[in-house]
Amino acid sequence: MTQYLFVFTILALTYVFGHCSLGDSFPSYRNCVLECSQKRCDKDGVRYKRSCCLVVLEVFKWKCSENCKYDCMWPMVEGLVERDWPVPQFHGKWPFKRLLGLQEPASVAFSLLNLLTNLVMFNRFKEQIRFTLPSCNIWSLYTLVSANCWFWSAVFHGRDTMFTELMDYISAYAMVLFAFYTIGHRILLYSNQIVKNTFMVICSLAFIYHSLYLLTTEYDYKYNMTTNLLVGAVTGTAMLIWAVLNRRRMGHGKYLIFYVLGMTLASLLELADFPPLLWTFDAHSLWHLATAPNAYFMYKFAIEDCKHQRRMLLK
């Protein structure tokens, strides 16, 4: 009965305070943040009245008011855990324990792991593909776009600001869209140059439109997520169709099937939403971990496909 009353109280507070998350709707939390800000912070809420004791917080430019929110959050969380009550989100995020000033250390580490796997596999690609083909340039660009995406993912999860969030979302869409362009380029490889150029222009305009939309409007999470899921679904479908239709002539299409299956299974983690394990590992960070091995299948396909194209040219 107590738990139901607790949940009802939280929901009521959330309604009163508008768009707040459940955690930051608590009056005790709000009072703690207000008292902390008055004691520690200057009027702008950015600087401390006295020097901050942790240099690492200065390095990552954590504002005084943000540190007050962080410090006031944990007594609330500990109290909820002791009473075996559900832990809510605070300001739209689950509670995470910082590590060396990093906001979500697991997501940072696993984003860098994805970056590393892409670079390692591209190095293997260059070792085995020493000849020149149009597809080689595409895979070089694919690596560049992917590396940029995972770099900004690590930066954003390390320190969430308006700028790092925007760069993360734009870079993520660039990677998703370029994967679509990559498989589209392979399907249209032997098509008329006008057709291939038209496809390239369409993809470029799609990226420009999406980026400008994010830059010039209030951020719409649902729109961004829906767009990425739609492009990802079309890309995965195109990969599967191409692999199945060419399974006899080009058996290496199986690597695309493995890639799509791996990414689909990894994406199931994004459907989960739970408080971080050990206040470090949430569903999103585990999704980052699960995506890392899939780079092997994508680059394995790239290597075998370039070898196949080379054999066709030599016939």
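The values are calculated or read from the model by the stated rules, or taken from the named source; none is laboratory data. Everything numeric in this text was worked out from a predicted model, so none of it was measured. A quick note on method: Cβ atoms are made from the backbone with ideal geometry, for glycine too, and the neighbour counts reach across all protein chains shown. Please note that ligands, DNA and RNA were not included when accessible areas were found on the heavy atoms of the full protein model with its side chains. Shrake-Rupley method; radii C 1.70, N 1.55, O 1.52, S 1.80 Å.
What to note about this one:
- Scanning the stretch 138-158 for residues that are over 11 Å from the mean Cα position of the chain (by Cα) and farther than 15 Å from PHE301 by Cα turns up LEU141, LEU144, VAL145, SER146, ALA147, ASN148, GLY158.
- Among the residues of the stretch 268-278, the ones that are buried (at least 16 other Cβ atoms within 10 Å of the Cβ) and either among the polar types (S, T, N, Q) or assigned to a loop (DSSP other than H, G, I, E, B) (or both) come to 2 in all.
- For first residues located in the stretch 28-41 and touching a residue at least 12 places away in the same chain (Cβ under 8 Å), partners that are open to solvent by 90 Å² or more (accessible area, probe 1.4 Å) and lie 6+ apart or on another chain with Cβ distances below 9 Å form the pairs ARG40/LYS49; ARG40/ARG50; CYS41/ARG47; CYS41/LYS49.
- Residue tally, condition closer than 22 Å to LEU133 by Cα and open to solvent by 60 Å² or more (accessible area, probe 1.4 Å), over the stretch 201-221: 1
- Count of residues meeting criterion [among the polar types (S, T, N, Q) and crowded, with 16+ Cβ neighbours inside 10 Å] in the stretch 175-200: 1
- Contacts under 6 angstrom Cβ, first residue in the stretch 61-75 being over 20 Å from PRO275 (Cα atoms), partner in a helix (DSSP H, G or I), 6 or more apart: CYS64/ARG40; SER65/SER37; CYS68/VAL33; CYS68/CYS36; CYS68/SER37
- Test: residue in the stretch 218-240 that is aliphatic (A, V, I, L, M), within 20 Å of PHE301 (Cβ to Cβ), without any contact (Cβ under 8 Å) to a residue 12 or more places away in the chain and part of a helix (DSSP H, G or I): yes
- Count - residues of the stretch 292-315 that are among the hydroxyl-bearing types (Ser, Thr, Tyr) and open to solvent by less than 10 Å² (accessible area, probe 1.4 Å): 1
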